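Visitor: Structure below; questions to follow.
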């Protein structure tokens, strides 16, 4: 793999994983909702492109038939039109992202409702089970997104030469990730973000102030799922196909948890650093895993190397540095900053007054001795 291609892959995967990790940090790092069904929202975003967008375009182009066969015909027709008119491709891209975010948010509400009143340990298992059931339904039902065969989706960047396609999509994905980052950062530094932290620390205190924990969980799950669905839509549009087996729990649930833990929960800057570190290690292992296996004489296939190393890394992080690379800091609002300034000024004035009193006493003692 050339260094230029490696760098583009780093940018692309950093962008996609950052979106997923930020959504997980919103739910788990801030609100304390252990969503082990994160892969479900990513799969919903991909299914939106593979099913909903494909069916809308099939109606527009007048294509009939089963989704598996019809998607290939649709892809050829749409690519020809996008090549002639790039605005069509851009329109499909933007529409797909907005639709994926909306459907992802609705799905987040629907799937959190049956389990929103559960305690953390039961909520974790329930969300994981719901995610696995949905994965199996999509993987073995060919009428939705082709099952294990998958479906094709239009190449929204068909008007760009193939040599520049990866670069263009990497830059666009990075732009989307930056918008999501700024959006999440803005939300989490607001009173809503502080409410989520309070709920994470002690739900009873939040209830005592008249807040509805159930509604907070539902809103947070909707927001997090909508953001995560963007990553599934982006990945599907980049790979120009949707295959359900691609969105399994290790890649889209456990790895994002590792990124959040590595960077630091409740800290978006730390999460971004954790995602970058993870992507660099993961792609480097993909390049050199066979050389590492041969050098260390490992007794298992090279394919499992990254799973073993990342599993060990998670255990070490949890044991030795649970706060992550960047420790969570309190949110410094303008009101808090103003209050701190007043307290510091008062402390300085008090120290100054004490100093003047001490010096006056010294002068009095000197004059008395004389």
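Just so you know, all these numbers are worked out from the coordinates, no wet-lab data involved. It should be emphasised that the depicted structure is a prediction, and the values quoted were computed from it without experimental measurement. Ideal geometry is used to build each Cβ from the backbone, glycine not excepted, and the neighbour counts take in all protein chains shown.
Visitor: Take residue 245, project a point 7 Å from its Cα along the Cβ direction, then tell me which residues of the stretch 132-168 have their backbone nitrogen under 20 Å from it.
Guide: Flagged as within label range: 132-153.
Visitor: Using Cα pairs under 8 angstrom and six or more residues apart, how large is the relative contact order of the stretch 88-228, in percent?
Guide: 48 percent
Visitor: Let me ask something else about it. Testing the spin-label approximation: label points 7 Å from Cα along Cα→Cβ at residue 316 and residue 303. State their distance in nm.
Guide: 2.6 nm
Visitor: Let me ask another. What does the convex hull of the Cα atoms of the stretch 3-320 come to per residue, in Å³, rounded to a whole number?
Guide: Convex hull volume per residue, Cα atoms: 143 Å³.
Visitor: In the Gaussian network model of the chain, springs joining C-alpha atoms below 10 Å, which of 282, 219, 66 carries the largest mean-square fluctuation?
Guide: So, out of 282, 219, 66, the one fluctuating most is 66.
Visitor: Could I ask something else about it? Going by average Cβ neighbours within 10 Å, how do the peptides 262-273, 207-218, 44-55 rank, with the highest at the top?
Guide: Working: 262-273: 23.1, 207-218: 13.2, 44-55: 25.0.
The peptides rank, most packed first, as 44-55, 262-273, 207-218.
Visitor: Counting pairs of alpha carbon atoms under 8 Å apart in space and at least six apart in sequence, what relative contact order in percent does the chain give? Each step should come with its number before you reach the end.
Guide: Details: 510 pairs, mean separation 110.8, N = 370.
Value for the chain: 30 percent.
Visitor: Can you give the FRET efficiency for residue 95 and residue 125, using 1/(1 + (r/R0)^6), R0 = 51 Å, r = Cβ-Cβ distance, to the nearest 0.05? Kindly include the intermediate steps, with their values, before the conclusion.
Guide: Working: r = 36 Å, r/R0 = 0.71.
Efficiency at R0 = 51 Å is approximately 0.90.
Visitor: Residue separation times 0.36 nm, minus the C-alpha to C-alpha distance between residue 327 and residue 106: what's the value?
Guide: Extra length available between residue 327 and residue 106 comes to 76.3 nm.
Visitor: In degrees, nearest 10, range 0 to 90: what is the angle between the Cα axis of helix 86-112 and the longest Cα principal axis of the chain?
Guide: 60 degrees
Visitor: Compute the angle between helix 120-140 and the longest alpha-carbon principal axis of the chain, please, reported from 0 to 90 degrees and rounded to the nearest 10.
Guide: 20 degrees
Visitor: Counting just the Cα atoms, what span does the stretch 1-88 cover along each of its three principal axes? Round to the nearest Å and put the largest first.
Guide: Largest to smallest, the principal-axis extents are 47, 36, 24 Å.
Visitor: Could you order peptides 117-128, 12-23 by the average number of other Cβ atoms within 10 Å of their residues, highest first? Could the numbers behind the result be given before it?
Guide: Details: 117-128: 14.8, 12-23: 26.2.
Highest mean packing first, the order is 12-23, 117-128.
Visitor: Extension gain residue 6-residue 201, at 0.36 nm per residue separation less the Cα-Cα distance, in nm?
Guide: Numbers: separation 195, 0.36 × 195 = 70.20 nm, distance 4.10 nm.
Gain on stretching residue 6 to residue 201: 66.1 nm.
Visitor: Same structure again: Between 0 and 90 degrees, rounded to the nearest ten: what's the tilt of helix 191-201 against the longest Cα principal axis of the chain?
Guide: Tilt relative to the chain: about 80 degrees.
Visitor: I've got another one for you. Would you kindly state how much longer the chain becomes between residue 179 and residue 285 on full extension, computed as 0.36 nm times their sequence separation minus their alpha carbon distance, in nm to one decimal?
Guide: Taking residue 179 through residue 285 to full extension adds about 35.2 nm, to one decimal.
Visitor: If r is the Cβ-Cβ distance from residue 73 to residue 343 and R0 is 51 Å, what FRET efficiency results, to the nearest 0.05?
Guide: So the FRET efficiency works out to roughly 0.15.
Visitor: To continue, here is another question. Give me Rg/Rg_expected for the stretch 140-249, where Rg uses Cα atoms only and Rg_expected = 2.2 N^0.38 Å with N residues.
Guide: Relative to the 2.2 N^0.38 Å estimate, the stretch 140-249 comes out at 1.47.
Visitor: While we're on this one: Quick check: the distance between the Cα centres of the stretch 210-263 and the stretch 291-311, to the nearest angstrom?
Guide: When both Cα centres are located, 28 Å separates them.
Visitor: Can you give me the pair-distance distribution of the stretch 164-229, C-alpha pairs, 5 Å bins, whole percents?
Guide: Answer for the stretch 164-229: a P(r) of 3, 15, 20, 19, 13, 10, 7, 6, 4, 2, 1, 0 percent.
Visitor: Could I ask something else about it? Determine, for each peptide in 306-312, 27-33, the mean count of other beta carbons within 10 angstrom over its residues, then list the peptides with the highest first. The partial results should precede the final answer.
Guide: On the way: 306-312: 14.1, 27-33: 25.3.
Averaged packing, sorted descending, gives the order 27-33, 306-312.
Visitor: Where the centroid of each part is defined by its Cα atoms, how far is the stretch 47-121 from the stretch 135-187 in Å?
Guide: 10 Å
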